[in-house]
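Chemist: Quick one: the structure is below, questions incoming.
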Amino acid sequence: MLTKDELIEIETRLNRKPNHTEKSVFDAMWSEHCSYKTSKSHLKRLYTNNRYVYSGPGENAGVISIGGTDRVAFKMESHNHPSYIEPFQGAATGVGGILRDIFTMGFRPIALTNNLFFGDPAFSDDSKRVMNGVIKGLTHYGNCVGVPTVSSKIQFNKRYEKNPLVNAMAVGHTRERIIGSVAKDLGRLLYVGAKTGRDGIGGAVMASDSFTDGVDLRPTVQVGDPYLEKLLIEACLELAETGHVIAAQDMGAAGLTSSATEIGIKGGSATFKGKCGIELNLDKVPLRETGMEAWEILLSESQERMLFVLHDWGIEEAKAIFDKWDLDCVEIGHLTEDGNFTVYKDGNVCCNFPLSALEYPELERPWTPRFEKEEVQSEYRFSTENILSQYDSEVQGNTIKGIRDDVAIVRIPRKDARGKDKHIAIYTDSFPYHSFVNPKNGAEFCISSIYDKLVYVGAKPIALTNCLNFGNPENPEIMFEFKETIDGMTRICEKLNFPIVSGNVSFYNETSGQNILPTPVFGAIGLMKY
Amino acid sequence: MYTVGVIIFPGSNCHAETVNFLNTYTGLRVNRIWHKDTNIKMHDMYIFPGGFSYGDYMRAGKLATFSPAVAEIEMHIRLYEKKALGICNGFQILCELDLLPGTLRQNENLQFICKPVTIYNENEDYKVPIAHGIGNYYHPHPELVNVAYRYYDNPNGSTNDIAGVYNHRGNVLGLMPHPERAFEHYHVSRHGYKILENFATK
């Protein structure tokens with residue numbers, strides 16, 4: 001929720017009181033989940049570039065070049081909060097969200113991995129419920145969209161009992177032009193995919209707060225449909241090949257609001273006379289329910305929706321492609337040159353302010369070292385065969401080392417110009433116990449051990465993605481853990497020339513004062529030498 | 001030239017590797033058939049690939065039976081006795097079309113299973129992977145079924161360990177294991193070719 005100071009800040013920026021719709025937009029966009037307000041200043045320090053990096057943090061996913069015109073995009077994302085409230089749908093939509101980040105950029109998803117953290121199922125029925133639900137959700141969605149899950153790692157500790165962590169990573173490959181998330185030219189906005197409903201409203205705000213007991217948050221969780229996602233993948237990749245796309249965004253956290261404003265907020269180039277602005281007409285948005293208000297449409301997190309910015313001459317061809325795949329597509333607005341975010345509904349203006357007002361000022365939260373050093377290791381051990389066999393790790397036919405191997409190796413689907421195959425190695429890991437005792441050292445040790453693992457199988461380590469899961473950042477001790485982890489990452493990545501090209505931060509993994517262990521999860525890509 | 005048509009539905013996952021698999025086998029001409037196509041040229045063999053056609057909504061494989069391409073292909077199979085191979089989801093579609101006897105139910109443990117298994121017919125053993133959630137074959141009179149392959153270690157609880165069945169004329173084969181995942185150097189085996197040959201030369 002917006003604080004009093006933030007409300008005053010909004011009023012001074014707009015020179016008036018915001019109306020209800022505008023207030024909801026600011027509420028979502030200034031949530032921790034969307035604005036990264038706590039972590040932004042720290043993340044700037046990260047080492048993010050070497051000669052393999054094609055585009056680093058800032059896009060939907062990090063992109064690396066692996067020789068020739070072959071590029072690989074990968075990113076890891078958390079879906080922790082929804083997975084506790086509604087394990088099956090929470091985990092399933094987590095996979096859907098990370099896949100959309102990849103194929104939005106024009107990449108075909110070729111592999112999925114996940115890292116899961118639960119409370120001890122031996123001691124608590126609730127943990128068992130969450131674990132079974134999460135695994136069902138991940139397998140259902142991943143198998144159905146036809147992307148192999150090549151690695152799955154599970155760790156247990158009582159600290160994760162009320163805050164399970166679900167981190168999923170997706171890897172994609174392309175040889176075509178990459179589609180950015182920011183508009184570089186004027187164009188028209190095309191809405192594609194599922195209809196907008198009332199599910200997931202306020203999800204971004206929910207994920208930016210701690211849990212309190214006894215509150216039903218289920219309406220804030222989205223509902224996934226893997227079949228629709230599969231159609232979207234095929235249709236979007238077909239559209240990407242036409243070259244008509246200026247920019248594309250998936251509607252994830254904060255739905256239409258965040259995808260539309262992100263297209264515009266950094267948009268602009270020589271072709272723009274002024275600043276990039278956006279005009280939306282909500283009457284055209286396909287709705288699942290009647291009587292939805294403007295703020296509900298703007299903030300709904302219904303899944304499997306995409307927003308494209310297309311050249312005028314590409315609209316007809318795009319509509320033909322989506323018609324072929326039986327997907328809804330509607331033109332809902334266009335880009336302007338006035339730099340404003342303007343939203344119409346029923347002929348009235350319900351939102352009108354400069355896009356630049358949405359940028360959140362950085363926040364420096366205080367931190368203090370922590371001296372608590374209790375023994376936290378979990379003793380729970382079990383055979384994972386029953387879980388691993390539920391993932392389809394061989395679909396697409398390119399899995400060389402799969403889910404039962406330590407390091408996954410995936411073949412790039414198309415041979416290169418010389419008729420040779422390329423292979424990438426994928427490895428993810430996390431050492432929460434080590435990080436708990438010494439956050440800086442833990443992160444360093446984790447990254448260097450990942451580096452080693454890739455080298456052992458004969459791969460050249462190229463780049464990293466991460467998902468930083470922490471407790472409540474308003475607690476200075478948690479902030480200390482976070483700061484130290486970033487310090488460690490920066491140092492080791494620079495030494496190893498192992499850049500971080502994408503990432504995600506999940507704060508507020510706290511329930512009734514109990515925080516999780518500091519859990520930075522890292523995923524790495526290596527290029528096989530043979 | 002032996003022509004093979006691979007039918008692609010929205011939600012099919014395994015068509016790409018099926019086409020790859022067929023392309024590596026010499027002497028085949030492979031065509032992709034989109035589910036909305038009409039006036040389809042007659043092929044010697046049709047392959048219904050694995051996946052989740054139409055999201056497995058209503059019942060696995062049921063909605064695929066309504067597509068225009070399938071209506072034409074069904075005629076080629078029934079009247080001209082052209083061959084048809086259904087793999088995984090394709091098996092489910094062929095059962096729903098009544099081209100094969102019996103039906104497929106949810107696995108006995110109610111879970112998706114992806115692992116290599118060994119199947120056998122009267123001549124040989126074959127090592128191939130399975131990957132399905134609804135692969136538990138059921139027939140009330142299993143002794144009447146023209147069984148193609150059986151599992152050694154039944155993973156899904158199917159009647160009489162049945163992994164694949166022929167129709168009575170022998171021109172339609174439904175298979176739960178994936179032969180298109182057993183042909184490259186890094187796969188569990190290269191028995192996929194043998195299974196394809198067994199059927200093509202039958």
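Nothing in this text is a laboratory measurement; each read-out follows from the coordinates by a stated rule. Note that the structure is a prediction, hence the values are computed from the model and not measured. As a convention, Cβ positions derive from the backbone with ideal geometry for all residues, glycine included, and neighbour counts pool all protein chains shown.
Chemist: Quick one: compute the contact order of segment B:1-99, relative version, from alpha carbon pairs under 8 angstrom and 6+ residues apart, as a percent.
Modeler: Values: 187 pairs, mean separation 30.4, N = 99.
Relative contact order comes out at 31 percent.
Chemist: Further, regarding this structure: Grab the DSSP H runs of chain A that are 4 residues or longer, score each as -39,500 (n - 2.57), total them, divide by all residues and round the 222 nm result to the nearest 500 deg cm²/dmol. Provide the component values of the computation, followed by the final result.
Modeler: Values: 16 runs with 170 residues, N = 530.
Only helices count here, giving -9500 deg cm²/dmol.
Chemist: Taking Cα centroids, how far is segment A:148-199 from segment B:1-53 in Å?
Modeler: One Cα centre to the other: 31 Å.
Chemist: Where in segment A:324-339 is the amide nitrogen less than 20 Å from a point lying 7 Å along the Cα-to-Cβ axis of A:Glu176?
Modeler: A:324-330, by backbone N distance to the label point.
Chemist: Under a 10 Å cutoff between Cα atoms, tell me which one of B:Ala16, B:Ala148, B:Ala69 has the largest fluctuation in the Gaussian network model of chain B.
Modeler: Greatest mean-square fluctuation among the candidates belongs to B:Ala16.
Chemist: Between A:Thr242 and A:Asp283, take the C-beta separation as r, use R0 = 41 Å, and let me know the FRET efficiency to the nearest 0.05. Please list the in-between numbers first.
Modeler: On the way: r = 28 Å, r/R0 = 0.69.
Approximately 0.90, to the nearest 0.05.
Chemist: Between A:Glu331 and A:Glu316, what length comes free when the chain is fully extended (0.36 nm per residue of separation minus the Cα-Cα distance, one decimal in nm)?
Modeler: Between A:Glu331 and A:Glu316, full extension yields 4.3 nm more.
Chemist: Additional query: For segment B:1-74, what is the charge dipole size about the Cα centre, in debye to the nearest 20, if Lys and Arg each add +1 at the Cβ and Asp and Glu each add -1 at the Cβ?
Modeler: On the way: 6 positive and 6 negative charges, 16 e Å.
Charge dipole, segment B:1-74, about its Cα centre: 80 debye, nearest 20.
Chemist: Oh, and also: For peptide B:10-23, compute the average count of partner chain beta-carbon atoms within 10 Å of each residue's beta-carbon. Before the final figure, lay out each step's value.
Modeler: On the way: counts 10, 9, 3, 10, 6, 1, 7, 6, 1, 0, 4, 1, 0, 0.
Average per residue, whole number: 4.
Chemist: Quick one: check the C-alpha center-to-center distance for segment B:126-151 versus segment A:33-48, whole angstrom.
Modeler: 54
Chemist: What residues have an amide H closer than 5 Å to that of A:Thr336, excluding those fewer than 5 places away on the same chain, when H is modeled at 1.01 Å from N in the peptide plane?
Modeler: A:Gly277, A:Ile278, A:Glu279
Chemist: Per residue of segment A:423-436, in order, report the coupling 6.51 cos²θ - 1.76 cosθ + 1.60 (Karplus, θ = phi - 60°) as ³J(HN,Hα) in whole Hz, putting x for Gly and Pro.
Modeler: Calculated HN-Hα couplings, in order: 10, 10, 9, 10, 9, 10, 7, 7, 10, x, 5, 4, 5, 5 Hz.
Chemist: Another question, then. Can you give the FRET efficiency to the nearest 0.05 for A:Asp185 and B:Glu143, using r as the Cβ-Cβ distance and R₀ = 60 Å? Let's see the in-between values first.
Modeler: Values: r = 69 Å, r/R0 = 1.15.
Efficiency computed from Cβ-Cβ geometry: 0.30.
Chemist: Computed from the mean reciprocal separation of all distinct C-alpha pairs, what Kirkwood hydrodynamic radius does segment B:21-79 have, in Å?
Modeler: Computed over segment B:21-79, the radius equals 12.9 Å.
Chemist: How big is D, in µm² s⁻¹, for chain B by Stokes-Einstein at 20 °C and 1.002 mPa s if Rh is the Kirkwood radius over C-alpha pairs? Walk me through the numbers on the way to the answer.
Modeler: Numbers: Rh = 16.6 Å.
Estimated diffusion coefficient is 129 µm²/s.
Chemist: Next question. Using the alpha-carbon centroid of each, what span in Å lies between segment A:1-26 and segment A:498-530?
Modeler: 32
Chemist: Which value in nm describes the separation of the simple spin-label points at B:Thr38 and A:Lys420, placed 7 Å from the Cα toward the beta carbon?
Modeler: The two pseudo-label positions are separated by 5.0 nm.
Chemist: Check A:Ile110: other-chain or 5+ apart residues with amide H under 5 Å from its amide H, H built from backbone geometry?
Modeler: A:Val171, A:Gly172, A:His173
Chemist: What list of ³J(HN,Hα) values in whole Hz, one per residue of segment A:351-363 in order, does the Karplus curve 6.51 cos²θ - 1.76 cosθ + 1.60 (θ = phi - 60°) give from phi, with Gly and Pro shown as x?
Modeler: Once rounded to whole Hz, the list reads 7, 7, 7, x, 4, 5, 5, 7, 5, 8, x, 5, 10.
Chemist: Taking amide H atoms as placed 1.01 Å from N in the peptide plane, list the residues 5 or more away in sequence, or in a different chain, whose amide H sits under 5 Å from that of B:Val30.
Modeler: Amide H neighbours of B:Val30: B:Val4.
Chemist: Then there is this: Report for segment A:1-155 the percent antiparallel among DSSP-assigned beta bridges with both residues inside it, nearest 5.
Modeler: Numbers: 6 of 13 bridges.
Once the DSSP bridges in segment A:1-155 are tallied, antiparallel ones form about 45 percent.
Chemist: Given +1 on the Cβ of Lys and Arg, -1 on the Cβ of Asp and Glu, and no further charges, what dipole in debye does segment A:18-117 carry about its Cα centre, rounded to the nearest 20? Don't skip to the answer; put the middle values down first.
Modeler: Working: 10 positive and 8 negative charges, 82 e Å.
That gives segment A:18-117 a dipole magnitude of about 400 debye.
Chemist: Would you please state the base-10 log of I(q)/I(0) at q = 0.14, 0.17, 0.21 1/Å for segment A:72-211, with intensities from the Debye formula using one equal scatterer on every alpha carbon?
Modeler: The Debye formula, applied to the Cα set alone, gives -0.71, -0.97, -1.28.
Chemist: Can you find, among A:Ala111, A:Gly142, A:Asn49, the residue farthest towards the positive end of the dipole of segment A:1-159? Put +1 on the C-beta of Lys and Arg, -1 on that of Asp and Glu.
Modeler: A:Asn49
Chemist: For segment B:1-121, state the average projected area of the convex hull of the C-alpha atoms over all orientations, rounded to one decimal in nm².
Modeler: On the way: hull surface 33.7 nm².
Projected over every direction and averaged, the Cα hull of segment B:1-121 covers 8.4 nm².
Chemist: Which value, in debye to the nearest 20, gives the size of the charge dipole of the protein assembly as shown about its Cα centre, when Lys and Arg are +1 and Asp and Glu are -1 at the Cβ?
Modeler: Working: 75 positive and 89 negative charges, 397 e Å.
The dipole magnitude comes to about 1900 debye.
Chemist: According to a simple spin-label model (label point 7 Å from Cα along Cα-to-Cβ), what is the distance in nm between A:Ala122 and A:Glu6?
Modeler: Those two pseudo-labels are separated by 4.2 nm.
Chemist: Roughly what % antiparallel, to the nearest 5, for the DSSP beta bridges in the protein assembly as shown?
Modeler: Values: 94 of 133 bridges.
Counting only bridges with both partners in the protein assembly as shown, antiparallel ones make up about 70 percent.
Chemist: Taking R0 as 41 Å, what's the FRET efficiency between B:Asn123 and A:Asn386 from their Cβ-Cβ distance, rounded to 0.05?
Modeler: Values: r = 33 Å, r/R0 = 0.81.
Efficiency at R0 = 41 Å is approximately 0.80.
Chemist: Counting pairs of alpha carbon atoms under 8 Å apart in space and at least six apart in sequence, what relative contact order in percent does chain A give?
Modeler: 21
Chemist: Same structure again: Just to be sure I understand the model, the point goes 7 Å from the Cα along the line to the Cβ. What's the resulting A:Arg198 to B:Asn23 distance in nm?
Modeler: In this crude spin-label approximation the distance works out to 5.0 nm.
Chemist: Just from its helices, what would the mean residue ellipticity at 222 nm be for chain B, if runs of 4 or more DSSP H residues each count -39500 (n - 2.57) and the sum is divided by every residue, rounded to the nearest 500 deg cm²/dmol?
Modeler: Value at 222 nm, helices only, nearest 500: -5500 deg cm²/dmol.
Chemist: If you don't mind, there's one more thing I want to ask. Counting C-alpha atoms alone, how compact is chain A: give Rg to one decimal and Dmax as a whole number, in angstrom.
Modeler: Taking only Cα atoms of chain A, I get Rg and Dmax of 22.0, 64 Å.
Chemist: What list of ³J(HN,Hα) values in whole Hz, one per residue of segment A:385-401 in order, does the Karplus curve 6.51 cos²θ - 1.76 cosθ + 1.60 (θ = phi - 60°) give from phi, with Gly and Pro shown as x?
Modeler: Karplus-based 3J(HN,Hα) across segment A:385-401 equals 4, 4, 7, 5, 6, 7, 8, 7, 9, 10, 4, 6, x, 10, 7, 8, 10 Hz.
Chemist: Determine Rg/Rh for segment A:1-76; Rg is computed over alpha-carbon atoms and Rh is the Kirkwood hydrodynamic estimate from the same atoms.
Modeler: Details: Rg = 18.2 Å, Rh = 15.4 Å.
That ratio equals 1.18.
Chemist: For segment A:177-231, with the dipole built from +1 on Lys and Arg beta-carbon atoms and -1 on Asp and Glu ones, taken about the Cα centre, which of A:Leu186, A:Thr212, A:Leu231 lies farthest toward the positive end?
Modeler: A:Leu186
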